[in-house]
Structures are given as C-alpha cells and as structure tokens.
Amino acid sequence: MTLDAQGTNATDRAGLNGQIPRCDHIDQLSVVEYGSPECKACLASGHTWTRLLVCLTCGWVACSDDSRGGHAKAHHQETDHPVVAVLEPYSTWRWCYAHRRTV
C-alpha cells in the first residue's frame with residue numbers, strides 16, 4: 001500500500017497511469033442531449049468563439065476558455081457542473097473544472 005502525505009491510501013485513488021487521482025465526476029455523468037452548436041452568449045454580444053464546449057451534465061453549449069467570452073467556465077461557476085467536452089466530431093477530450101485537468 002502506498003500512502004500519500006495525509007496518510008491515506010494513494011493507490012485506491014490512483015488513475016489508470018498511477019500518477020493522478022481518478023476523477024469521480026465522470027462516473028456521475030449520464031447521456032444528455034446537446035444544445036445547438038453555438039454559444040448563445042457570444043451571439044447575443046456579437047462575439048465569435050475559438051471552440052465550443054458542451055456541458056456533460058446538462059448539454060449546454062458555450063465557448064471555451066480561450067474564446068473571448070469564456071462562457072463554458074462561467075456556466076460551471078454558475079451551476080457547479082464539472083465536466084465539459086469539446087464539441088467536435090470524434091473527439092474524446094474532456095475537461096473537469098473541479099479538478100482543473102483533462103479526464
């Protein structure tokens with residue numbers, strides 16, 4: 001058994017590569033219908049976006065943090081919905097705002 005600095009079993013919390021604790025948020029997700037492929041907040045303010053992200057809790061679509069509005073992060077801050085995915089075909093990229101890392 002490997003203990004961390006707090007004296008808890010670090011092996012139980014390890015991810016697949018043994019380096020990072022597993023994100024439990026992805027286990028709590030269910031299938032959701034995605035909203036329309038646009039950032040409504042950007043459209044309302046006349047801005048464009050770099051990438052679109054979809055909230056995997058409710059399906060809300062918003063612009064990424066590298067876009068001018070950063071509306072996906074604002075959605076997380078408002079709702080505490082933790083995990084988003086990039087709205088691109090065949091992409092498996094997901095981000096957990098709670099853990100501030102890809103999952």
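Pick from segment 80-92 the residues that are over 9 Å from the mean Cα position of the chain (by Cα) and of a type outside the set (A, V, I, L, M): which of them is nearest to ARG22 (Cα to Cα)?
Here is the first cut: in segment 80-92, the ones over 9 Å from the mean Cα position of the chain (by Cα) are 80, 87-92.
If we keep only those that are of a type outside the set (A, V, I, L, M) too, we end up with 80, 88-92.
Working: ASP80: 19, GLU88: 24, PRO89: 25, TYR90: 23, SER91: 20, THR92: 17 Å.
The residue in question is THR92.
Return the only residue of THR50, THR57 being among the β-branched types (Val, Ile, Thr) and either over 22 Å from ARG22 (Cα atoms) or free of Cβ contacts under 8 Å to residues at least 24 places away in the same chain (or both). Explain how you work it out, then say what you get.
On the way: THR57 fails: either over 22 Å from ARG22 (Cα atoms) or free of Cβ contacts under 8 Å to residues at least 24 places away in the same chain (or both).
Residue meeting the stated conditions: THR50.
Just so you know, all these numbers are worked out from the coordinates, no wet-lab data involved. Predicted model only: the values in this text are computed from it and were never measured. Cβ sites come from the backbone with ideal geometry, for glycine too, and all protein chains shown count toward neighbours.
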